[in-house]
Amino acid sequence: NVPEDQADKLLLSSWGLPKAVLEKYNSLGVVQMFEWQAECLMLGQVLEGKNLVYSAPTSAGKTLVAELLILKRVLETRKKALLILPFVSVAKEKKCYLQ
């Protein structure tokens, strides 16, 4: 569980994302994360580029964790990222979404 003193970490606005990114998520109804998603982002040195392996059921929100990690790293380091997706349709959807 997310410690009570870090409950603000559930809000996407607490992660230093640009206003345009927050507005896009907000337009989709995503303003905060589930506790497990915030826990993933706060584990060890994940935000510094260390590996993270996590598992959750379909439609549980795994993609949001990956997107936030990628967006933060790309914006902070100005390096490229590679996002591998299982289906062409999902890849096309994410391409449009992330642009």
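The values are calculated or read from the model by the stated rules, or taken from the named source; none is laboratory data. Just so we're clear, the structure is a prediction, and the values are computed from it rather than from any experiment. Cβ coordinates were reconstructed from backbone atoms using ideal geometry, including for glycine residues, and neighbour counts include every protein chain displayed. With ligands, DNA and RNA removed, areas are computed over all heavy atoms of the protein, side chains included. Shrake-Rupley method; radii C 1.70, N 1.55, O 1.52, S 1.80 Å.
Would you mind stating whether Val65 is among the aliphatic types (A, V, I, L, M), surrounded by 13 or more Cβ atoms within 10 Å (Cβ to Cβ) and in contact with a Leu (Cβ under 7 Å, 6 or more places away or on another chain)?
yes
Looking across Val74, Val53, Val88, one residue alone is over 28 Å from Glu4 (Cβ atoms), exposed (fewer than 11 other Cβ atoms within 10 Å of the Cβ), without any contact (Cβ under 8 Å) to a residue 24 or more places away in the chain and out of contact with any Ser or Thr (no Cβ under 7 Å at 6 or more places or on another chain). It is Val88. Looking across the stretch 68-86, the residues that are more than 15 Å from the chain's Cα centre (by Cα) and modelled with pLDDT of 85 or more come down to Thr77, Arg78, Lys79, Lys80.
Within the stretch 33-50, the residues that satisfy the criterion of being open to solvent by 80 Å² or more (accessible area, probe 1.4 Å) and not charged (D, E, K, R) are Phe34, Leu43, Gln45.
Here Val30 meets the list (1) in contact with a Leu (Cβ under 7 Å, 6 or more places away or on another chain); (2) outside any loop (DSSP other than H, G, I, E, B); (3) open to solvent by 40 Å² or more (accessible area, probe 1.4 Å) almost entirely, failing just condition (2).
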